[in-house]
Amino acid sequence: MLTRKVFEEIAANIQKHLPRIGWDESYDMACDLADYFEKENPRFNRDRFFDACGLGGLHLRPLPVKYVDSDAMTKGDGV
């Protein structure tokens, strides 16, 4: 089982590289890791992990935008 010490070390490394690789990539990596950590350790604290990564706050992923052809909408062929 992964321990708190392992989570802290990984979070510190994400925070260390955050300025170089950017917020979006760091956030995606932290989300993927947090999903795995939650499965491995029922006591894993997702909020504490994101704070330790330097990614505190809300942890929402943006939804993809689906564009609609305005011409199709006026003809009644919209999506």
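Odds and ends about this structure:
- Legend: ranking of residues Val65, Val6 from fewest to most surrounding C-beta atoms inside 10 Å; resulting order Val65, Val6.
- Inter-label distance, Tyr36 to Asp69: 4.2 nm, where each label sits 7 Å from its Cα along the C-beta direction.
Coordinate-derived values only; no laboratory data. Nothing here was measured: the structure is a model prediction, and the numbers come from that model. Reconstructed Cβ throughout: ideal geometry from the backbone, glycine too, with neighbour counts over all protein chains shown.
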